[in-house]
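Structure record follows, encoded as structure tokens.
What follows draws every value from the coordinates through simple rules; no lab data is involved. From a predicted model like this one, the values you see are computed outputs, not experimental measurements. Neighbour counts run over all protein chains shown; Cβ positions are idealised from the backbone, glycine included.
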Amino acid sequence: MGYNKVVKKVTAKKLRKMGIKEVLIPGLLMASVLGFSLTKIGINIYKNKTLFPTSAVVQTVIDGDTLETKNGVRIRLIGINAPDRGDMGYGGAKEKLGELINNQKIWLEYDRYQDDQNGRILAWVWINCEASPKFSPSDYMHLTYNQSKPGLMDNPDGCKKGKLVQEELIKSGHAVINVYKDRGELKYIKRITPK
């Protein structure tokens, strides 16, 4: 069943047949209960601006590497880990992230991995951009399953004066690089890796 057809009763089975990723199914089922039409999703779910916005206003900082936007989208900052609890030594990460982004507009740039097993959207987060940034496509780095093009070092057009939030958290000592074994390189990992 394609996205262009109206689905009267939405079920997990129908969503799987449509090619929807498993992590998104619970949210889409809830959205359908609330009256959201699946015809608005579109053929490529990752290009849907409702589910994967290009900009947003931060409502809540959940922890040192996770936030929620005013429209209810949970964003996990890709490429870093900044836990606030335990003895890992990154105390204050939540507060630092709040200082950087709380209640202001952010721009979201997507990479080769765009969502995680917890249903959060994975994105590079930019602040203080002078215009709408011109981001490279999410699959820019992809060569093969785990091989990549060289990483990006410069800010995108439209955000030359802006800051990459992940980089700011690394510089301040509130986060560390988070690289997944057997996965391709992310766009800005080399840029944010301390020298």
*Return the sequence-ordered ³J(HN,Hα) values of region 107-113 in whole Hz as given by the Karplus equation 6.51 cos²θ - 1.76 cosθ + 1.60 applied to θ = phi - 60°, using x for Gly and Pro.*
10, 10, 10, 9, 10, 5, 10
*Mind listing the long-range amide H neighbours of His142? Cut-off is under 5 Å, sequence gap 5 or more, other chains count too, H placed in the peptide plane at 1.01 Å from N.*
Lys149
*What list of ³J(HN,Hα) couplings, whole Hz, do you get for region 53-66 from phi and the Karplus terms 6.51, -1.76, 1.60, once you set θ to phi - 60° and write x for glycine and proline?*
x, 8, 8, 6, 10, 6, 9, 9, 9, 7, 7, x, 9, 9
*asked:* Among 99-106, 175-182, how do they line up by average Cβ neighbours within 10 Å per residue, starting with the highest?
replied: 99-106, 175-182
_Residue by residue through region 176-186, what is 3J(HN,Hα) from phi via Karplus (6.51 cos²θ - 1.76 cosθ + 1.60, θ = phi - 60°)? Round to whole Hz and write x for glycine and proline._
10, 5, 10, 10, 8, 4, 6, 10, x, 5, 8
_Cα-Cα over 21 Å, subset of Lys105/Lys163; Lys160/Lys181; Lys163/Lys195; Lys96/Lys149; Lys70/Lys161; Lys70/Lys171_ = Lys160/Lys181; Lys96/Lys149; Lys70/Lys161; Lys70/Lys171
*What does the highest-first list of 52-61, 130-139, 183-192 look like by mean Cβ count within 10 Å?*
183-192, 52-61, 130-139
